[in-house]
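Trainee: Sharing a structure here in structure tokens format.
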């Protein structure tokens, strides 16, 4: 097991890569614990949960909305939760987002931790203290910054993931390499077979690499005022794709990264041969690089993005593989490129 620590403004978060869900009880109180999970995780791993009340949501992005959150608040009250209680989210990105948001807002905030069951959650959604819910399909419009006490990244749980869910998580892994670590990009190129066959050493390596990248960025900019914006690479266009087409988050981000990389070439920053390498690695991991969709609708959805600042947007571009930067970008310039 490897322990990676994020020193947040209000809390210290320990990311435990390679720890087992079987050891969860070591990290939680003896009483007053409430577990939030989804139907799939409960089916495969429920027998490993400690003996505390469990709220089970339906899997998928539609659950990440206010009606579900309101039901969880009511459940907590009915079960006798109070300000000394502790919430554990056991699941993928949706469960972690909901559990973190509920914990950060219930009775003005109670402590919480995660057991991240998907690759997407282990490398991204559970790490960094951003917790959010959607509003009418618009991603994470309402949210908080609140660090979990711990995140258990049990890579053995990835064996119960559907193949497409694993590939969705790989989009975020590739993103981390593109924005901060050219050596990791090379590792992903040379270890594709091991990763797609879920070999434990390779999985632990990429999860640890991603967590370290994200932890360093979050620790430098917990509230997303500067460098943390790099983590949004591919997400501006990707979230809009996700809103309009309803395709999964990882696939939408992959398409968003291609858009951002293409715009980087268009602006004279990224070399075309590196753009081609990005296309190749996404395709190698079974991720889409294009969407058959009306770009006008995608652009209109993008205008609702929370990263927009009047007529400009904080857009993430690539100078090279492993080196990203934030550029205040005119929305009309993006429109001209997109359409």
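Trainee: Which of the residues that make up the range 73-102 are touching a strand residue (DSSP E or B) at 6+ places or on another chain (Cβ under 9 Å) and either assigned to a loop (DSSP other than H, G, I, E, B) or surrounded by fewer than 20 Cβ atoms within 10 Å (Cβ to Cβ) (or both)?
Mentor: Selection gives 75, 79, 81, 85, 92.
Trainee: State yes or no: is residue 130 outside the structural domain of residue 247 (by TED's automatic domain parsing) and either touching a strand residue (DSSP E or B) at 6+ places or on another chain (Cβ under 8 Å) or modelled with pLDDT under 95 (or both)?
Mentor: yes
Trainee: Right, next: Scan the range 176-209 for residues that are assigned to a helix (DSSP H, G or I), in contact (Cβ under 8 Å) with a residue 24 or more places away in the chain, over 21 Å from residue 159 (Cα atoms) and in contact with a helix residue (DSSP H, G or I) (Cβ under 9 Å, 6 or more places away or on another chain) and jot them down.
Mentor: Passing the criteria: 176, 177, 178, 179, 180, 183, 184, 185, 189.
Trainee: Given 105, 144, which one is surrounded by fewer than 22 Cβ atoms within 10 Å (Cβ to Cβ), touching a helix residue (DSSP H, G or I) at 6+ places or on another chain (Cβ under 9 Å), on the phi < 0 side of the Ramachandran plot and assigned to a helix (DSSP H, G or I)?
Mentor: Result: 105 is the single residue among 105, 144 that is surrounded by fewer than 22 Cβ atoms within 10 Å (Cβ to Cβ), touching a helix residue (DSSP H, G or I) at 6+ places or on another chain (Cβ under 9 Å), on the phi < 0 side of the Ramachandran plot and assigned to a helix (DSSP H, G or I).
Trainee: If you don't mind, another one. Out of everything in the range 52-62 that is within 19 Å of the chain's Cα centre (by Cα) and assigned to a loop (DSSP other than H, G, I, E, B), what residue ends up being modelled with the highest pLDDT?
Mentor: Per the criteria, the residue is 58.
Trainee: Only one of 65, 78, 82 is modelled with pLDDT under 95 and not assigned by TED's automatic domain parsing to the domain that holds residue 220; which?
Mentor: Testing whether each residue is modelled with pLDDT under 95 and not assigned by TED's automatic domain parsing to the domain that holds residue 220 leaves just 65.
Trainee: Considering only residues that are touching a strand residue (DSSP E or B) at 6+ places or on another chain (Cβ under 8 Å) and exposed (fewer than 14 other Cβ atoms within 10 Å of the Cβ), which ones fall in the range 24-38?
Mentor: Hit for the range 24-38 is 29, nothing else.
Trainee: Let me ask something additional. Here is a check on your reading of the model: is residue 131 farther than 22 Å from residue 286 by Cβ, within 13 Å of the chain's Cα centre (by Cα) and surrounded by fewer than 20 Cβ atoms within 10 Å (Cβ to Cβ)?
Mentor: Considered against the rule, which asks whether it is farther than 22 Å from residue 286 by Cβ, within 13 Å of the chain's Cα centre (by Cα) and surrounded by fewer than 20 Cβ atoms within 10 Å (Cβ to Cβ), residue 131 comes out as no.
Trainee: While we're here: Of all the residues that make up the range 219-246, how many are outside any helix (DSSP H, G or I) and either touching a residue at least 40 places away in the same chain (Cβ under 8 Å) or on the phi > 0 side of the Ramachandran plot (or both)?
Mentor: Of the residues in that region, 7 qualify.
Trainee: Can you tell me which residue among 328, 319, 283, 273 is more than 28 Å from residue 194 (Cβ to Cβ) and without any contact (Cβ under 8 Å) to a residue 24 or more places away in the chain?
Mentor: None of the other options fit; the residue is 328.
Trainee: A follow-up question, please. Among the residues that make up the range 163-186, is at least one of them at pLDDT below 95, in contact with a strand residue (DSSP E or B) (Cβ under 9 Å, 6 or more places away or on another chain) and closer than 27 Å to residue 291 by Cβ?
Mentor: Scanning the range 163-186 turns up no residue that is at pLDDT below 95, in contact with a strand residue (DSSP E or B) (Cβ under 9 Å, 6 or more places away or on another chain) and closer than 27 Å to residue 291 by Cβ.
Trainee: For residues that are within 24 Å of residue 20 (Cα to Cα) and surrounded by fewer than 19 Cβ atoms within 10 Å (Cβ to Cβ), tally how many sit in the range 158-190.
Mentor: Final tally of qualifying residues: 5.
The values are calculated or read from the model by the stated rules, or taken from the named source; none is laboratory data. All values derive from a computational prediction rather than experimental measurement. Note that we place each Cβ from the backbone using ideal geometry, even for glycine, and neighbour counts take in every protein chain shown.
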